[in-house]
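Okay, so here's the structure we're looking at.
The values are calculated or read from the model by the stated rules, or taken from the named source; none is laboratory data. Predicted, not measured: the structure shown is a model, and the values here were computed from it. Heads up, the Cβs are rebuilt from the backbone with ideal geometry, glycines too, and the neighbour counts pull from every protein chain shown. For accessibility, only protein heavy atoms count, side chains too; no ligands or nucleic acids. Shrake-Rupley method; radii C 1.70, N 1.55, O 1.52, S 1.80 Å.
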Amino acid sequence: CIYGVKGAAVVFGTSGIINTVKKIFAQQQPARIGPNYRIASKIQMVSGYSPDNNNATEYVDLALVSFDGGLPQGYEAAQFLNQANTLKSLQAGSPVVLAGYGITSKEERDSKSKTGPDSSGTLRQVTVAMNQLGPRKIDLVFQGQTNRTACSGDSGGPAMVAVNNQVYVIGVASRSDCVTSSIYTWVPREKVQSLVSSASSAL
């Protein structure tokens with residue numbers, strides 16, 4: 001969803017997301033830092049990604065969005081598990097929580113005649129099971145109950161596990177059938193550190 005995007009806002013909150021974004025970009029020159037948003041200062045795609053990858057079995061569907069102003073009060077940076085501990089957690093059958101602001105069904109996604117507001121813009125979460133790790137160890141595939149999975153608008157949202165009462169992000173939403181199966185790009189701590197280091201050196 002970030003491919004080719006020149007400008008973006010990072011919005012903090014659990015309600016009114018869509019209206020907040022509309023208000024930000026309705027201004028000719030919005031403030032770069034607001035009480036519940038930050039205008040992105042840089043968007044960096046992971047090397048090698050393009051829309052043509054959508055037909056590939058696995059590809060790194062990640063981008064790093066930078067912004068000034070730090071996190072608003074009450075927010076804290078996400079924590080990431082390293083590769084070894086992620087695999088241990090998943091092999092142990094730990095429940096995985098998916099969260100996002102997307103729509104709620106394949107029917108809504110495929111509808112050609114939307115007449116009213118869609119169901120996106122509300123934070124929701126579901127608990128799913130790990131199905132498989134892709135052969136190239138890029139994709140995490142999660143299986144849920146019917147209509148209890150990620151869907152359009154959830155892209156970039158987290159897949160999370162709890163280890164010793166600490167919540168960790170293990171994946172970022174990439175694509176889904178909107179019915180039972182979702183594919184997330186694996187983001188072990190090592191990958192995150194590499195991305196941040198690469199972005200810092202490019203500044």
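Numerical summary
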read-out: For region 107-203, alpha-carbon Rg relative to the globular expectation (2.2 N^0.38 Å, N residues); value: 1.25
read-out: Gain upon complete extension [Cys1, Ile33; 0.36 nm per residue less C-alpha separation]; value: 9.3 nm
read-out: For the chain: accessible area per residue (Å², 1.4 Å); value: 59 Å²
read-out: Of all accessible heavy-atom area on the chain, the percent that carbon and sulfur account for (1.4 Å); value: 49 percent
read-out: The chain - mean residue ellipticity at 222 nm from DSSP helices (-39,500 (n - 2.57) per run, n ≥ 4, rounded to 500); value: -5500 deg cm²/dmol
read-out: Cys residues of the chain counted as unpaired, since no other Cys beta-carbon is under 4.7 Å; value: Cys1
read-out: Under DSSP loop assignment and at most 14 Cβ neighbours within 10 Å, longest chymotrypsin sites (Phe, Trp or Tyr not before Pro)-free interval of the chain; value: 76-203
